[in-house]
Structures are given as structure tokens and as C-alpha cells.
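Colleague: Dropping the structure in here first, questions after.
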Amino acid sequence: MSIIEEILREFSSTNKKYGGMSVNLFGIPNFKSYSKRTLRTSFDRLVKNEMIKKELNGFILTAKGKKYLKKKEDSFKTFSLLIKSDEPKNLIVMFDMPIAQKAEREWFRFHLKKFDYVMIQKSVWVGPSPLPKDFLDYLKEIKLKDCVVTFKLAKPYKVKKN
């Protein structure tokens, strides 16, 4: 066995935890910790939901599976915002996203919190102005821009302390 094979074998056999799942140093899941029944059920569910499809040489990711993964990757997207915690809260953000887009609503609220916005009502938030340009561009890209309306306040909103 060559040194390269030994290095690769070591990398692929080292176990780390990522998101509660065993992975090797390359981040590839280690399925040895799961029972065959669990794996079979999971693969059957992925085939039934048309995320993967069985071919002669194994499984392949379908267009639906790729779309799902893209959506998951996008949920980790970050945006630059350089604000101080004492910035005046002078922008109201109101949004109305369809019920079918619950994950997108939660993602949107998560980012508003990161931008130091506070909730007035479930879909009405107030915070520092302006929202990051890359965030607004991304909303346009994922077709949520039309669900969001902003209003600049004449005077900063005073946040009530509990």
C-alpha cells in the first residue's frame, strides 16, 4: 500500500460529528453507525419522494433532490451588516409570505433578529436602516421581494425594555 492510499484511508476512517451525524475528515457521512433497516427505510423514502433514483450502478440525485439541497444550502447564507447595537431603529419591515413558505418566513425572521430588529407583531419588525443590499438582492433572487414592504420612520422607534 502506498503512502497516498494510507493517508486517504486515514482521512476516510476518522470519525467526527457534524450536525449529529458521524462524518470522516472529508465531511462524508459514515453510515456504519446506522442499522441496515434505518438506511433502507431512508433510501426508500428518498426514492418515493423522488429525491433520488435507482440506476444500474447505484443511486443518483434527481432534479428535485438537487433543488431541495440548494434550498438547504441557501438557508445557511449569511449577509454583511455592520451596525452598532445603539443604532436608531428607524425602519419598519412588514411581510406577508404564503402559508406554503413557512420555512422562508422562519429564515426571514432569523435574519431580521441577526440584523438587530425587534418584533412588534409576527410580521411587523422594526430595526436599523438600511437592510443590507446583498440581503435585498437575495430576496429578489428567491422571489420574496414582493412579499416585503419597508417604511422609513420620521423618528426612531423606542424599544420597550421588559
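Colleague: Net charge near Asp137, counting Lys/Arg +1 and Asp/Glu -1 over other residues with Cβ under 15 Å of its Cβ?
Modeller: On the way: positive: Lys77, Lys133, Lys140, Lys143, Lys145; negative: Asp74, Asp134, Glu141, Asp146.
Net charge around Asp137: +1.
Colleague: Kindly rank 98-107, 119-128, 52-61 from highest to lowest mean number of other beta carbons found within 10 Å of each residue. Intermediate results must be reported in sequence, preceding the final value.
Modeller: On the way: 98-107: 12.9, 119-128: 15.7, 52-61: 10.3.
My ranking of the peptides, most packed first, is 119-128, 98-107, 52-61.
Colleague: Moving on. Distance cut-off 19 Å, Cα to Cα: go down the list Lys32/Lys64; Lys70/Lys143; Lys66/Lys113; Lys71/Lys143; Lys64/Lys114 and report the pairs above it. Before the final figure, lay out each step's value.
Modeller: Details: Lys32/Lys64 27 Å; Lys70/Lys143 15 Å; Lys66/Lys113 29 Å; Lys71/Lys143 13 Å; Lys64/Lys114 30 Å.
From the list (Lys32/Lys64; Lys70/Lys143; Lys66/Lys113; Lys71/Lys143; Lys64/Lys114), the Cα-Cα distance tops 19 Å for Lys32/Lys64; Lys66/Lys113; Lys64/Lys114.
Colleague: Could you calculate the contour length gain from Phe76 to Asn30, that is, 0.36 nm times the residue separation minus the distance between their Cα atoms, to one decimal place in nm?
Modeller: Details: separation 46, 0.36 × 46 = 16.56 nm, distance 2.26 nm.
14.3 nm is the gain from fully extending Phe76 to Asn30.
Colleague: Please work out the FRET efficiency for the pair Asp96 and Lys160, using the Cβ-Cβ distance as r and a Förster radius of 30 Å; give the result to the nearest 0.05.
Modeller: Values: r = 25 Å, r/R0 = 0.83.
Using R0 = 30 Å, I get an efficiency of 0.75.
Colleague: What nm distance separates the two modelled labels at Thr62 and Thr38, each placed 7 Å from Cα along Cα→Cβ?
Modeller: The two pseudo-label positions are separated by 2.5 nm.
Computed from the coordinates by the stated procedures, all read-outs in this text should not be read as laboratory data. What you see is a predicted model; the values in this text were computed from it and never measured. Positions of Cβ are backbone-derived with ideal geometry, glycine not excepted, and every protein chain shown enters the neighbour counts.
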